[in-house]
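S.K.: Once you've had a glance at the structure underneath, I'll fire off some questions.
The values are calculated or read from the model by the stated rules, or taken from the named source; none is laboratory data. Predicted model, so just to flag it, every value in this text is computed and none were measured. Heads up, the Cβs are rebuilt from the backbone with ideal geometry, glycines too, and the neighbour counts pull from every protein chain shown. The area values use the complete protein model at the heavy-atom level, side chains included, leaving out ligands, DNA and RNA. Shrake-Rupley method; radii C 1.70, N 1.55, O 1.52, S 1.80 Å.
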Amino acid sequence: MDSQNQINENMRMILVDWLIDVHYMFKLSPETLYLTIQIIDRYLSVQLVPRKELQLLGISSMLIASKYEEIWGWAPKVTDLVDISERTYSREHVLAMEKSILASLGWSLTLPTPYVFLVRFVKAAMADKEMENIVFFLAELGLMQYAMVKFRPSYLTASAVYAARCTLNKTPLWDETLVLHTGYSESQLIDGAKQLVSFHSGSAGHNLNVVYRKYSASEHCGVALLAPAKIL
């Protein structure tokens, strides 16, 4: 973000908050959301983006991620993304940005996102539906925060699992099975988990609260309404 001269961390957060809402409205797969954010961050690391084109980067990244991930489901069309942006951009704008993204990233899209590790680590934790939703809630809060970009996807995910277990007061909080499958010890995850719990603590009163509202719903077991892990 230091290389950008027109956008900042807060603008990125606003974009990600909006994209999570769009992703939820379109009922796209979780893989699509995580790949969309990864594409955005990778592009921002190599190209200057004017403020007026940040949303364009977001919808174009979602278009690419949908083409890549929504193989068996419904993928939004260019016109759908133009409409969702209130026609701020034209079809030609989206296609030009799509071309720029793919060229800048060398057409390399097969990279691990947090979702790859979420599936594995949740299974290793033998999580029930409530715990699984808490893990995804915390991971999506992490997606929004620029402070978490520095962490490996596996670390972000393992921290979310640990923070979720702390939230539910699981015993033990961490065990040898989770060390084996995640590659992280309990002591290594404390810092990441504390940050995620701090985001949980502030999510209800934050003006960017799409993730909080999403996981407050009964279909997600209302996990956002649980008290943040006091131990952290």
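S.K.: For T182, which of the numbered conditions (1) within 15 Å of F136 (Cα to Cα); (2) touching a residue at least 60 places away in the same chain (Cβ under 8 Å) fails to hold?
M.R.: (1)
S.K.: Another question, then. Looking at E140, is it under 21 Å from G222 (Cα atoms), under 19 Å from the mean Cα position of the chain (by Cα) and open to solvent by less than 30 Å² (accessible area, probe 1.4 Å)?
M.R.: Judged against the criteria, E140 is a match.
S.K.: Regarding V49, is this residue within 30 Å of L173 (Cβ to Cβ) and in contact with a Phe, Trp or Tyr (Cβ under 9 Å, 6 or more places away or on another chain)? Full working, then the answer.
M.R.: Details: within 30 Å of L173 (Cβ to Cβ): no; in contact with a Phe, Trp or Tyr (Cβ under 9 Å, 6 or more places away or on another chain): yes.
For V49, the condition - within 30 Å of L173 (Cβ to Cβ) and in contact with a Phe, Trp or Tyr (Cβ under 9 Å, 6 or more places away or on another chain) - is not met.
S.K.: Output the residue which, of all residues in segment 207-232 that are under 17 Å from the mean Cα position of the chain (by Cα) and farther than 22 Å from N169 by Cβ, is most open to solvent (accessible area, probe 1.4 Å).
M.R.: By that ranking, first place goes to R213.
S.K.: Ok, one more. Name the pairs whose Cβ atoms lie under 8 Å apart, with the first residue in segment 67-80 and among the hydrophobic types (A, V, I, L, M, F, W, C), the second in a helix (DSSP H, G or I), and 6 or more positions between them or separate chains?
M.R.: Note: pairs meeting the criteria are W74/F26; A75/S66; A75/K67; V78/L63; V78/R91; V78/V94; V78/L95.
S.K.: Same structure, new question: For segment 145-168, does any single residue satisfy the condition of being of a type in the set (S, T, N, Q) and open to solvent by less than 10 Å² (accessible area, probe 1.4 Å)?
M.R.: Yes: one or more hits.
S.K.: Next question, about the same structure. How many of the residues in segment 122-137 are touching a helix residue (DSSP H, G or I) at 6+ places or on another chain (Cβ under 7 Å) and of a type in the set (D, E)?
M.R.: Residues flagged as touching a helix residue (DSSP H, G or I) at 6+ places or on another chain (Cβ under 7 Å) and of a type in the set (D, E) within segment 122-137 amount to 2.
S.K.: Residues that are β-branched (V, I, T), on the phi < 0 side of the Ramachandran plot and at pLDDT 95 or above: does segment 157-166 have at least one?
M.R.: Yes, segment 157-166 contains a residue that is β-branched (V, I, T), on the phi < 0 side of the Ramachandran plot and at pLDDT 95 or above.
S.K.: Hey, T177 hits all of (1) open to solvent by 20 Å² or more (accessible area, probe 1.4 Å); (2) more than 20 Å from A127 (Cα to Cα) but one; which does it fall short on?
M.R.: (2)
S.K.: Taking K194 as meeting all but one of (1) in a helix (DSSP H, G or I); (2) open to solvent by less than 50 Å² (accessible area, probe 1.4 Å); (3) in contact with a Leu (Cβ under 8 Å, 6 or more places away or on another chain), write down the number of the exception.
M.R.: (2) is the only condition that K194 fails.
S.K.: Using beta carbons and a limit of 7 Å, which pairs, at least six apart or on different chains, have the first residue in segment 208-229 and within 11 Å of N133 (Cα to Cα) and the second one among the polar types (S, T, N, Q) and open to solvent by 20 Å² or more (accessible area, probe 1.4 Å)?
M.R.: Short answer, once both residue conditions are applied: G222/S216; A224/S216.
S.K.: Hey, any hits in segment 149-170 for a residue that's farther than 13 Å from M131 by Cα, without any contact (Cβ under 8 Å) to a residue 24 or more places away in the chain and of a type in the set (S, T, Y)?
M.R.: No: zero hits.
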